[in-house]
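What follows is a set of notes on a single structure, which appears directly below.
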C-alpha cells in the first residue's frame, strides 16, 4: 500500500492524522479499524488513544510503530491480539515487543 492509499483510507474513515516529516501519525481519539488492509507503508505511527484492528495485515515493514493506548489485533500475523500472544515476555509491554519485532523485520514478506 502506498502512502497516498493509506491516507485515503484514513480520510475515508474520518480518522485524524498528522504528517510529521516522513511519518504518517494516526492521532485519532479512539480506536482504529482497518480490517481489510493487507499492508502498510513504511513510516506509519499509530498514536491513537485506543486499540488498533489490523486483522487482514499480511506484512509490516520496518518504520511502522505502535504507540497507541491499547491492544493491537493482528489476526493474520499472530492469530489474535498482541496482548494475548503466546510469545509475549512477562514484564515487557506487548506493544514494545511488537515494535522491536517490526524493527528487526520479523513481519516483512
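Bear in mind that the values in this text are calculations on the coordinates, not laboratory data. What you are looking at is a predicted structure, and each value in this text was computed from that prediction instead of being measured. Cβ atoms come from the backbone with ideal geometry, glycine included; neighbour counts cover every protein chain shown.
The table that follows gives values for the structure above.
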{"item": "Subset tally (residues that are assigned to a loop (DSSP other than H, G, I, E, B) and closer than 22 Å to residue 42 by Cβ) for the range 56-109", "result": "18"}
{"item": "Qualifying residue in the range 62-84 (condition: loosely packed, with under 12 Cβ neighbours inside 10 Å and in contact with a helix residue (DSSP H, G or I) (Cβ under 7 Å, 6 or more places away or on another chain))", "result": "no"}
{"item": "Scope the range 6-26; condition farther than 17 Å from residue 61 by Cα and crowded, with 16+ Cβ neighbours inside 10 Å; matching residues", "result": "10, 15, 17"}
{"item": "Matching residues, the range 58-97, being within 18 Å of residue 5 (Cβ to Cβ) and within 9 Å of the chain's Cα centre (by Cα)", "result": "60, 64"}
{"item": "Residue within the range 39-47 that is surrounded by fewer than 17 Cβ atoms within 10 Å (Cβ to Cβ), outside any loop (DSSP other than H, G, I, E, B) and touching a strand residue (DSSP E or B) at 6+ places or on another chain (Cβ under 9 Å) present", "result": "no"}
{"item": "In the range 1-22, the residues that are in contact with a strand residue (DSSP E or B) (Cβ under 9 Å, 6 or more places away or on another chain) and free of Cβ contacts under 8 Å to residues at least 40 places away in the same chain", "result": "6, 7, 10, 11, 13, 15, 16, 17, 18, 19, 20"}
